[in-house]
Amino acid sequence: MSIDLMNAFIAPLVIMVSISLILGLVLVIASRFLAEYGPCRISIKGNKDVEVIGGETLLSSLFENKIFIPSACGGRGSCGYCKLKVTSGGGSVLPTELPYLTPSEVVDDVRLACQLKVKSDMEIEVPEEYLSIQEYRAEVAQSISLTYDMKELRFRLLEPETINFKPGQYIQFHVPSTNREVVYRAYSIASLPSMAGELELIVRLVPGGIGSTYIHNLSVGDEVTISGSCGDFFLHERSSCDILLIGGGAGMAPLKSILYSLFEKGSDRKIDLFFGVRAKKDLFYLEEFERLAKEHPNFTYTYALSSPGEADDWKGEKGFIHLVLERHLKEGEKREAYLCGPPLMADAVIKVLKEKGVDPSNIYYDKF
Amino acid sequence: MDLLTILIAAVFTHNIALTYFLGMCPFVAVSGNLRTAMGMSMAVTFVMSLAAAVTWPIYHKLLVPYDVTYLQYVVFILVIAALVQIVEMMVERTSPFLYNTMGVFLPLITVNCAILGVTLFMVVRDYSYIESLIYSFGSGIGWGVAILAMAAIRERLRFADLPEGLKGAGITMIIAGLMAMSFMGFAGILNVH
Ligand SMILES: Cc1cc2nc3c(=O)[nH]c(=O)nc-3n(C[C@H](O)[C@H](O)[C@H](O)COP(=O)(O)OP(=O)(O)OC[C@H]3O[C@@H](n4cnc5c(N)ncnc54)[C@H](O)[C@@H]3O)c2cc1C
Ligand code: FES
């Protein structure tokens, strides 16, 4: 009986352990001989060469050498931001890149850096503005909860001490991870360029999210690494056209930066802010905007709740933000629109704007 | 049961996608475009055959003698996952062409239920080694036939005026249901269990 019992426990244990061991061993050996490609040289046109160990993606290889390519999706191949021209050593385009490349880009050797692996020497072209993206060390100076899942964080830059950016742009947050690859996530800057030694972010907690959980758990004094600034979504300061700021979800940060820098410059452009959230518990910055609207006659703001709770007692606008916008916006007004929010919201808003006669070249957006 | 019967059964009458509704996630996700569907079906056929070829000896020569067949789920999943990873590295290293056409899909299907399903059916139906190979290869082809048909339909559907909410996954599920019903027509050809 006792021997049977022993067998009943030991046989499966031994079999499981030995199978796992053998598989693990085979995998280690295979990856040593199959997945490593030895040292490779990446030549950046008009700039330096970098030496990397082949086998990783081009994006993370460049990242390790402090060359920061915008990559909003963190290398999952779902944002299409990490496009680079690869003139030699890239092989042919992968099916996972195709959805983000136009036919003319394919002809032009444009590739997604996060999908392409470095397996041989390469020649690439990196746009000037990417090379000016720097890495910063910063320290958490303040962290405030705006709602149950939104936090406003203020960072003091340590090294270098100032950052250059345009209102609306974003930085990449480096999230420490256990394995070799860096995890990075994009967060828009909410503060003003004039406070160059500080950065403010507004971050929504995505349940189970790697980046947002890390940021929400930071406390004052913690040190972090970021790189920036990136993005072609920013305020066009030369124009004098009246402005629409439209956002939803986590999209407040860039709009705040744009709004405050307009006030700072004493601009008399008319500014209307539309912001959509789900319910009353998601609202923030109400008092602040109320105060701003009193101080600045050229500013109005409208919040809309898409699904207010029973107990919410909300007198303001209800419904999706694009429908609210449709009701408020007059046909044929000349406007410059900046919008920021989830892709579905952005698409719906863009459609409404076009229908109301806003010139498509005056619509700027960031979807996330 | 002769081998031809097993093959035909696996492709048509007992189609792994349309009679057992296994492997639905890639079926819905990559059936939008004929070229990617082609790559995917090649990858699935390849991995299924390989999985059966490797798990059969492990089951019959290791798990059965030691009377631990209940370990089959864990062991099969482990073995298949490791195997696919190695094959992916090999393909990537040796053949850029193959890697481009099907290699990139390999990681997507390592832990796919259709693959595990085939290896488990192989055990349940008590197939011999040769029968298992034929069966798994046929199942792969059958899955491929189903997804290619779906991709062809969806490419045409692009011009159809669908209600907003049905676009994408919604209409794909409905079509899969209709296709499954038409595949039931094959059931009369032969009968295996
Ligand atoms: C240009 C740009 C600017 C951005 N600015 C901001 C900003 O100012 N504030 C801010 O909070 N975020 C911003 N984001 C989004 C941010 O970069 C991350 O995508 C987000 O914080 C989730 O990352 P994570 O690592 O926490 O989640 P992950 O670990 O990447 O994801 C965890 C899970 O959540 C899902 N998921 C990921 N993102 C979302 C989402 N947005 N909603 C619902 N589910 C999701 C994933 O599919 C996954 O299943 C911006 C993104 C871009 C591209
Ligand atoms: S980083 Fe998003 S597609 Fe490459």
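Rule-based calculations on the coordinates, nothing more; no lab input. Keep in mind it's a predicted model, so treat the numbers as computed, not measured. FYI the Cβ positions are ideal-geometry reconstructions off the backbone, even for glycines, and counts take in every protein chain you see.
Here are the numbers for this structure:
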{"item": "Least to most buried among A:Leu158, B:Leu7 (fewest other Cβ within 10 Å first)", "result": "A:Leu158, B:Leu7"}
{"item": "Dimensionless Rg ratio for the range A:79-126, taking C-alpha atoms and the 2.2 N^0.38 Å reference", "result": "1.01"}
{"item": "Contact order normalised by residue count of the range A:133-230, Cα under 8 Å, 6+ apart, percent", "result": "39 percent"}
{"item": "Under-5 Å amide H pairs with A:Phe274, H placed in peptide plane, nonlocal only", "result": "A:Leu245, A:Ile246, A:Gly247, A:Thr302"}
{"item": "Angle in degrees between helix B:169-183 and the longest Cα principal axis of chain B, rounded to the nearest 10", "result": "70 degrees"}
{"item": "On Cα atoms only, tilt of B:129-157 relative to the major axis of chain B in degrees", "result": "10 degrees"}
{"item": "Relative contact order of the range A:189-263, defined on C-alpha pairs under 8 angstrom at six or more residues apart (%)", "result": "43 percent"}
{"item": "Mean residue ellipticity (222 nm) of the protein assembly as shown, computed from DSSP H runs ≥ 4 via -39,500 (n - 2.57), nearest 500", "result": "-12500 deg cm²/dmol"}
{"item": "Cβ neighbours within 10 Å from other chains - mean over B:28-37", "result": "1"}
{"item": "For residues of B:85-92, the mean tally of beta carbons on other chains within 10 Å", "result": "5"}
{"item": "Net length gained if the chain between A:Leu98 and A:His328 were fully extended (0.36 nm per residue, minus Cα distance)", "result": "78.8 nm"}
{"item": "Label-point separation in nm, A:Lys85 to A:Asn7, each point 7 Å along Cα→Cβ", "result": "7.2 nm"}
{"item": "Scattering curve values for the range A:39-130, log₁₀ I(q)/I(0), Debye with Cα scatterers, q = 0.23, 0.25 Å⁻¹", "result": "-1.23, -1.47"}
{"item": "Share antiparallel - DSSP beta bridges, chain A, percent rounded to 5", "result": "60 percent"}
{"item": "Distance in nm between pseudo-label sites at A:Tyr130 and A:Ser361 (7 Å out along the Cβ direction from Cα)", "result": "2.7 nm"}
{"item": "Kirkwood Rh and Cα Rg combined as Rg/Rh, the protein assembly as shown", "result": "1.03"}
{"item": "Chain B shape via C-alpha gyration tensor axes, a/c threshold 1.5", "result": "oblate"}
{"item": "Relative exposure of A:Arg269, B:Arg93, judged by other C-beta atoms within 10 Å (fewest first)", "result": "A:Arg269, B:Arg93"}
{"item": "The range A:123-269: proportion of alpha-carbon pairs further apart than 22 angstrom, %", "result": "41 percent"}
{"item": "Dipole magnitude (debye, nearest 20) for chain A, charges at Cβ of Lys, Arg, Asp, Glu", "result": "400 debye"}
{"item": "Burial ordering of B:Trp143, B:Trp56, fewest other beta-carbon atoms within 10 Å first", "result": "B:Trp56, B:Trp143"}
{"item": "Span-rule helices in chain A, defined as complete DSSP H runs reaching 27 Å or more along the axis (Cα) with Kyte mean at least 1.6", "result": "A:2-34"}
{"item": "With Cα atoms, 0 to 90° folded angle of helix B:113-124 axis to chain B main axis", "result": "40 degrees"}
{"item": "Relative contact order, percent, chain A [alpha-carbon distance under 8 Å, six or more residues apart]", "result": "12 percent"}
{"item": "Förster-model FRET efficiency, 60 Å R0, A:Lys315 and B:Asp2, C-beta, rounded to 0.05", "result": "0.20"}
{"item": "Value of D in µm² per second that Stokes-Einstein yields for the range A:77-203, Kirkwood Rh from Cα pairs, at 10 °C (1.306 mPa s)", "result": "93 µm²/s"}
{"item": "The range A:242-367 pair-distance distribution - Cα-Cα, 10 Å bins, rounded %", "result": "13, 47, 35, 6, 0"}
{"item": "Using a Förster distance of 45 Å, the FRET efficiency for A:Arg41-B:Met181 (Cβ separation, nearest 0.05)", "result": "0.20"}
{"item": "Potential extension, A:Val106-A:Lys294 segment - 0.36 nm per residue separation minus Cα distance", "result": "62.5 nm"}
